[in-house]
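See structure below.
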Amino acid sequence: MKKTVIAATGGIVIAALALSGCSAGSSNDDGKPTGTITVLTNRTDLVDTTFKDYAAQFEKKYPGTDVKFEALTDYEGDAKIRLSSKDYGDALLIPSSTVTKDKYSSYFEPLGKTSDLEKTYRFAGDGSYNGEVYGISTFGSAMGIVINKTVWKDAGITTPPATQDEYLADLKAIKDKTDAIPYYTNYKDGWPLAGLENALGTTQGADARMKLAADKSPWKAGSDQYNIDDMLFTTVSEGLSEPDPTTTNWEESKDLLAQGKIGTMALGSWAVSQMQDAATKAGKSADEIGFWPMPWQTDGKFTSVTTTDKLLAVNKNSKNKATAKAWVNWFINDSGYAKSQGAISPVKSDPAPSTLKDFQDIGVEYVELNPDPKGKESLLTDIANTSEVDIFGNTYRQKLIDVARGAAAGTEGSYFATLNKQWAAAKTQVDQ
Amino acid sequence: MTRLEPGAVAPGQATSLPGATKPLIPGKKRAFGGSRVTPWLFLAVPLAFLIVLTYVPVVNMLWYSVTDWDGLSPDKDFVGFDNFVRIFTTPAIFQVFFVSLYYLVGAIAQLVLALYLATLLSFKTRFSNLFKGIIFFPYLINGVAIGLVFLYFFRPGGTLDALLAVVGVQDTPQWLGDPGVVNVSLAASSVWRYMGLNFVLFLGAIQSVPAEQYEAADLDGATSFDKFRYIIVPSIRRILGLSFILAIAGALSAFEMPYVMTGGANGSETFVIQTVNTAFKFSKVGLASAMAVVLLVIVLVITGIQRWLFPDEKKEVAS
């Protein structure tokens, strides 16, 4: 008796599992776009407004389709977990902080040959593996510093600093002559700290990623990695950043910068339009907001690294690939999403955004990083993960700020030495 | 908590109501295929949930802990006890348990405070229902919301500073920015949040003490403290023991408040935050699972000690 009961219970459990995992239906791989698709997005702020309009326009162009969105707050984390099931929407953004290129083909549908698509699209190399494109850039950004022009003017500065020393002297002038906080780290939210890594390549050029992966001690003078972190460290240790970094708030920081209570933040050009919005909301002119290149020149010229934001891809297991592909095409080419963000359009023929007008006036040269060579696509991520120095994350930079403001033991030299040691050890382990 | 409750009470109830399981009409006894199957049918759904949502993940975790899985890759290589060796040979991993001491002190303060308030409110007090509501309320709020509220509370020039300025205290530390203060602030927020639960547990236990005992004590001239010492404490001894163990386990696995408020930055990293970071930031799910197994074992050992110090007194319950 007992055995049958246990077997029956087991049967019910299995039935419950089977039912939840089951969804019938035939697939539409290359046919006419029709039916429902689910799109995963990170834009929780736009999903009920702008994206609703996009869906309506798309459904008008392709009658019979229905686009549903799922907005994920912790996009990278949630999407990564869902990738291990088959249920991750029909079209989605690649959670690139965890999915390295060599794994693209296990999760995403190829969208075309790299050699073809790179003629039309920017950043085609970022979404490619083995000559096939799996993800297309939604928009690109140039790296630089977002400034409040009035604050900098009040401190007597009207031209972008050309060296790090000049930049720090400028921040000091802001501290002395105005009431503004010269630089805001956004320590608490963390991701703006992670974004600093996008300056990689400013002086080392298009191969900076592989140079970093080949370097046993990247935290020493001469490398971009050192420049980025040394600049942050000195800014904080000289007292040029916010007094209590642990209670910062990104949404609030936009208003503070727009109102002239913060002088500077290092961010991608995508932030400019958001800051301009904040300025308009505060009753000021959008011209308050300026965007300057990072203060490291090469041969007397400013450079700015352009990087892609998230890449849009199609789920390999989707039952409705045709519609999902149509959505990707429409979103990239026709939605005007990149323009609405004041960002660099992924389509090469589109004009440069107005947010980069300052860059045009200054004469900034753009650098797009080269894709990692074949067989080394996951190298840099592997070293970063193994060393637990999250160069694409925020943990070690928060620690760096703690050391700089005297809240954790150590000096710049000792902290950089620790980072170098961890990096070198991980490099040896990964290279094996 | 759930794993401690069922065994203790169920047998007593079953024997005290023997008539309840007898069929009303003797002839129809076999209508459902035997009375032995019936309880299993009722148990099927909760058991299914328990197996699918608790035991299967735990077994999976045990398996991951002996692999080098990165959380995504289809293949998991068996690495034996490498992960455990790494945990026990890397001092940095265990250093974060030091942070748990703050939460432990906070948890003990929380128990004392909850017991004090529960005792007060179990006697006749004006507005006692209002106070009960106020004390329990924080437990009902979502932890993320509480984290955000306290973030504003603790920021420089925030609510706390403003309150202190009213009473004349100007020179306040950075509640979250100062590495010497941050864990105290976080532990205090946790106390605020979870005290309501302890309070309700204690209050329920105290109210189950028959009123005659207090009356008898009154006749004997006992003071309030005597009643607390000789009636209340002995009556709620077991719930006290249980709460204490839960407090220790909670302090070791503190996660939600520090994760929402500081993300583990500025020296506020707890063991669970470190585990989550290892798994999801550095894609070392194998190592993180091993860390989770270590925590599980520690908590099991502590629970074992609790069962040894406060054994189930089944006779008392049944009588």
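The values are calculated or read from the model by the stated rules, or taken from the named source; none is laboratory data. For clarity, every value in this text was computed on a predicted model and none was experimentally measured. Methodologically, a virtual Cβ is constructed for each residue, glycine included, from the backbone with ideal geometry; neighbour enumeration extends over all protein chains shown.
Of everything in segment A:273-306 that's acidic (Asp, Glu) and assigned to a helix (DSSP H, G or I), which residue is surrounded by the most Cβ atoms within 10 Å (Cβ to Cβ)?
A:Glu288
Out of the residues in segment A:234-248 meeting the condition of being within 13 Å of chain B (Cβ to nearest Cβ) and over 24 Å from the mean Cα position of the chain (by Cα), tell me which one is surrounded by the fewest Cβ atoms within 10 Å (Cβ to Cβ).
That would be A:Pro243.
Looking at B:Gly204, B:Gly196, B:Gly286, B:Gly221 in this structure, which one is at pLDDT 90 or above and surrounded by fewer than 16 Cβ atoms within 10 Å (Cβ to Cβ)?
Just a single option satisfies the conditions, and that option is B:Gly204.
Checking the condition touching a residue at least 40 places away in the same chain (Cβ under 8 Å) and assigned by TED's automatic domain parsing to the domain that holds A:Thr34, which residue from A:Val67, A:Val47 passes?
Sole residue among the options that is touching a residue at least 40 places away in the same chain (Cβ under 8 Å) and assigned by TED's automatic domain parsing to the domain that holds A:Thr34: A:Val67.
Can you pull out every residue in segment A:104-132 that is basic (Lys, Arg) and either within 11 Å of chain B (Cβ to nearest Cβ) or part of a loop (DSSP other than H, G, I, E, B) (or both)?
A:Arg122
Mind checking which residues of segment B:242-262 are surrounded by fewer than 21 Cβ atoms within 10 Å (Cβ to Cβ) and either facing chain A (nearest Cβ under 10 Å) or of a type in the set (Asp, Glu) (or both)?
B:Glu256
Give segment B:154-176 a look and list any residue that's polar (S, T, N, Q) and either part of a helix (DSSP H, G or I) or away from every other protein chain (no Cβ under 14 Å) (or both), or say none.
Residues satisfying the conditions are B:Thr159, B:Gln170.
Mind checking which residues of segment B:263-272 are within 11 Å of another protein chain (Cβ to nearest Cβ), under 20 Å from the mean Cα position of the chain (by Cα) and free of Cβ contacts under 8 Å to residues at least 24 places away in the same chain?
Once the filter is applied, which keeps residues that are within 11 Å of another protein chain (Cβ to nearest Cβ), under 20 Å from the mean Cα position of the chain (by Cα) and free of Cβ contacts under 8 Å to residues at least 24 places away in the same chain, segment B:263-272 yields nothing.
Residue under question is A:Thr386, and the condition is that it be more than 30 Å from B:Trp175 (Cα to Cα), of a type outside the set (D, E, K, R) and touching a residue at least 40 places away in the same chain (Cβ under 8 Å); does it hold?
Taking the combined requirement at face value, the residue satisfies it.
Tell me the helices (runs of 4 or more DSSP H) entirely within segment A:351-432 that contain at least 3 residues that are among the hydroxyl-bearing types (Ser, Thr, Tyr).
A:379-387, A:412-431
Select, from B:Lys284, B:Lys227, the only residue that is touching a helix residue (DSSP H, G or I) at 6+ places or on another chain (Cβ under 6 Å) and within 14 Å of chain A (Cβ to nearest Cβ).
So the residue among B:Lys284, B:Lys227 that is touching a helix residue (DSSP H, G or I) at 6+ places or on another chain (Cβ under 6 Å) and within 14 Å of chain A (Cβ to nearest Cβ) is B:Lys284.
Would you call A:Ala278 hydrophobic (A, V, I, L, M, F, W, C), more than 20 Å from A:Ile157 (Cβ to Cβ) and out of contact with any helix residue (DSSP H, G or I) (no Cβ under 7 Å at 6 or more places or on another chain)?
It is false that A:Ala278 is hydrophobic (A, V, I, L, M, F, W, C), more than 20 Å from A:Ile157 (Cβ to Cβ) and out of contact with any helix residue (DSSP H, G or I) (no Cβ under 7 Å at 6 or more places or on another chain).
Return the residues of segment A:80-92 that are crowded, with 19+ Cβ neighbours inside 10 Å and either part of a loop (DSSP other than H, G, I, E, B) or out of contact with any Leu (no Cβ under 6 Å at 6 or more places or on another chain) (or both); say none if nothing qualifies.
Once the filter is applied, which keeps residues that are crowded, with 19+ Cβ neighbours inside 10 Å and either part of a loop (DSSP other than H, G, I, E, B) or out of contact with any Leu (no Cβ under 6 Å at 6 or more places or on another chain) (or both), segment A:80-92 yields A:Lys80, A:Leu83, A:Tyr88, A:Gly89, A:Asp90, A:Ala91.
Considering segment B:44-63 alone, what residues qualify as being among the aromatic types (Phe, Trp, Tyr) and within 12 Å of another protein chain (Cβ to nearest Cβ)?
B:Phe49, B:Tyr55, listed by residue number.
In segment A:142-224, which helices (runs of 4 or more DSSP H) lie fully inside it and hold 1 or more residues that are surrounded by fewer than 22 Cβ atoms within 10 Å (Cβ to Cβ), in contact (Cβ under 8 Å) with a residue 40 or more places away in the chain and among the β-branched types (Val, Ile, Thr)?
A:149-154
Scan segment A:85-103 residue by residue and report those that are in contact (Cβ under 8 Å) with a residue 12 or more places away in the chain, within 13 Å of chain B (Cβ to nearest Cβ) and within 26 Å of A:Thr65 (Cβ to Cβ).
Those that are in contact (Cβ under 8 Å) with a residue 12 or more places away in the chain, within 13 Å of chain B (Cβ to nearest Cβ) and within 26 Å of A:Thr65 (Cβ to Cβ): A:Lys86, A:Tyr88, A:Ile94, A:Pro95.
Just checking, does segment A:323-337 include any residue being in a helix (DSSP H, G or I), out of contact with any helix residue (DSSP H, G or I) (no Cβ under 9 Å at 6 or more places or on another chain) and not assigned by TED's automatic domain parsing to the domain that holds A:Gly89?
No, segment A:323-337 contains no residue that is in a helix (DSSP H, G or I), out of contact with any helix residue (DSSP H, G or I) (no Cβ under 9 Å at 6 or more places or on another chain) and not assigned by TED's automatic domain parsing to the domain that holds A:Gly89.
Just wondering, is there one or more residues in segment B:304-311 that are surrounded by 17 or more Cβ atoms within 10 Å (Cβ to Cβ), over 30 Å from B:Asp178 (Cβ atoms) and touching a residue at least 24 places away in the same chain (Cβ under 8 Å)?
Yes: segment B:304-311 contains one or more residues that are surrounded by 17 or more Cβ atoms within 10 Å (Cβ to Cβ), over 30 Å from B:Asp178 (Cβ atoms) and touching a residue at least 24 places away in the same chain (Cβ under 8 Å).
Condition test on A:Ala404, is it small (Gly, Ala, Ser), touching a residue at least 12 places away in the same chain (Cβ under 8 Å), closer than 30 Å to B:Gly263 by Cα and within 14 Å of chain B (Cβ to nearest Cβ)?
yes
Conditions (1) within 14 Å of another protein chain (Cβ to nearest Cβ); (2) modelled with pLDDT of 95 or more; (3) loosely packed, with under 14 Cβ neighbours inside 10 Å, marked per residue:
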{"residue": "B:Arg3", "(1), (2), (3)": "no, no, yes"}
{"residue": "B:Gly34", "(1), (2), (3)": "yes, no, yes"}
{"residue": "B:Phe42", "(1), (2), (3)": "yes, no, yes"}
{"residue": "B:Arg86", "(1), (2), (3)": "yes, no, no"}
{"residue": "B:Ile93", "(1), (2), (3)": "yes, no, no"}
{"residue": "B:Ser100", "(1), (2), (3)": "no, no, no"}
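Answer yes if at least one residue in segment A:203-220 is among the hydrophobic types (A, V, I, L, M, F, W, C), within 14 Å of chain B (Cβ to nearest Cβ) and under 15 Å from A:Glu412 (Cβ atoms), and no otherwise.
No, the conditions are met nowhere in segment A:203-220.
Listed here are the residues, each with its yes/no results for (1) within 30 Å of A:Ala352 (Cα to Cα); (2) modelled with pLDDT under 95; (3) in the same structural domain as A:Leu240 (by TED's automatic domain parsing).
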{"position": "A:Val367", "(1), (2), (3)": "yes, yes, no"}
{"position": "A:Asp382", "(1), (2), (3)": "no, yes, yes"}
{"position": "A:Ile401", "(1), (2), (3)": "no, no, yes"}
{"position": "A:Ala407", "(1), (2), (3)": "no, yes, yes"}
{"position": "A:Trp423", "(1), (2), (3)": "no, no, yes"}
